[in-house]
Amino acid sequence: MFCTGCGAEIPEGSKFCTACGKPVEASDVTSGEHDTAEEETRVPEPKDGELHAPLEPKDGEQESPAGTSGYEAPAAQQSAAVGGADHTVVMPHAAAPTGAGQADPYAAPAPQKRLHTGVIVAVVCAVVAVAAAVGVFLFLGSDSSEGGGNVVINAIKGEPEPVEVPFEVDIPNYDPDSGSLVPVQVTGTDYDDNDVDEIQYVDDDGEGLSLLPGSYELSVAASPFGEDGTLYACPDDKVALDIEEDGSVSMSGAFPLEFKLADALDVTDDDIQRAYDCAVDGGCDTKDQADDLKSAAEKWRDDAVEEENRRAQEEETRRRAEQEEAAYRVTSNYYEFTVPVYWRGRVTWTQSGNTTNIYSSAYPSRKVCSIEVESASSGNSAGDVANSSCYSAISGSQRVVVRMTNYSYLIAYYASLNSSNPDTYYSMDEARELVDLQTMGTYSYDTMLNTYKSTSGSSSMFTQPMSILGDTMADCITLR
């Protein structure tokens, strides 16, 4: 059979010229040829699962180049092939050639690649599984505060999970329920070389520290609050911690870490503030509890400071008193004499060897008394009512003696000789000062003068100044 267009020989039953592509006239085809054409153009009915699957090339065939569509049977032709009523053959649509090198629009189409149904199902299942995992990650992994996100991420990625690490502490009189938790400073790197610098909180049993595998250094960040606001002297020890990915833990350092109650006087405002910041950050359940503990700590410290100031003031008073006593203390080889408080500021004294002479500050020429040392073997001269010995004591081979002029009697005596005013021998002011010093304020000169006048100087009252001064000297003199 030959093509009516180009005259080329074409095989029997062909529908198109293999040379020029011209359709073969229907009149040229025998009835047998129609049967053959019908069978060749009939498209087999696809099986289940292959309706939308792309065709797979047979061995030796190549996929169509990108941008070139394969042959598809037109709908009308498929209908004719199935129903058998219409045997019309429709040419596939092809774009007109645009130049040299373009593919022949009438060339036989390349078969399409076909995929097996099992491969398609596996791909779909994998996509669904990945989508589900991403959904779980977005749902649970977003809430890291509850720890659920980490667990899911670790389960998907196969990463290690946090490990509970015991951190032993020894704190006297400590109750974390009424105080605050112990803040532990954690520095180092985790298993993925991420830097770690954070504070975690543990109780008196050392529970509460949770870390991913890695290498760390642990230390105490600040003192916890005690129940009544007391603070502790924190240990300076640092603990080296290594956590393997299998969860095994190794620690080196002084354990347990020992705390001691801090001296309130050593606690600063910065110490209290650091403890408070940690209490607010995680050491207490509420900020109100942290506020109360801070106030209690400040009161504990301030009360201690106030008490210390009181003690220091008392100590200063005692020290000044001792200094004052030293300033009013006279020492010799046989006695030590401390000036009576009643005389201080009103008398002066001189010392020559073992003899001490005491004078009125207001009237320096008037001697109040003298302290002398003499041989104990010599007789002690008691004197008379006007000039007498008011104190005597033995110190080894020596006798310590206090002698005085009895101004209560003597000045009154002189006054009675001349007038009521002792100006001839003593001024009235001198008489009053000297009598007051010798009687330690017990008698006044006016009383003594009137007694002398009424008794002609025979009253026993005139021996009282000697007795009073003698008792005073016995309290103020220490034998050596």
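Taken together, the values in this text are just the output of simple stated rules run on the coordinates, not laboratory data. Predicted model, so just to flag it, every value in this text is computed and none were measured. All Cβ positions, even for glycine, are placed from backbone atoms using ideal geometry, and neighbour counts span all protein chains on display.
Once the Cα gyration tensor of region 410-478 is found, what semi-axes does its equivalent ellipsoid get, as square roots of 5 times the eigenvalues, in whole Å, sorted largest first? The partial results should precede the final answer.
Details: eigenvalues 109, 38, 15 Å².
Over the Cα atoms of region 410-478, the ellipsoid semi-axes are 23, 14, 9 Å.
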Seminar exercise, completed: Taking 186-195, 269-278 and ranking on average Cβ neighbours within 10 Å, highest first, one gets 269-278, 186-195
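Given a Förster radius of 35 Å and the C-beta distance between THR355 and ARG310 as r, what FRET efficiency does 1/(1 + (r/R0)^6) yield to the nearest 0.05? Let's see the in-between values first.
Details: r = 44 Å, r/R0 = 1.27.
Plugging the Cβ-Cβ distance into 1/(1 + (r/R0)^6) gives 0.20.
For LYS294, LYS15, which order do you get if you count the other beta carbons within 10 Å of each Cβ and list the fewest first?
Details: LYS294 20, LYS15 15.
Lowest count first: LYS15, LYS294.
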For this session: Sticking with the crude label model, points 7 Å out along Cα→Cβ, report the distance from GLU322 to ASP228 in nm, one decimal please.
Result: 3.2 nm
Seminar exercise, completed: Packing-ranked peptide list from 206-212, 368-374, highest mean Cβ count within 10 angstrom first, is 368-374, 206-212
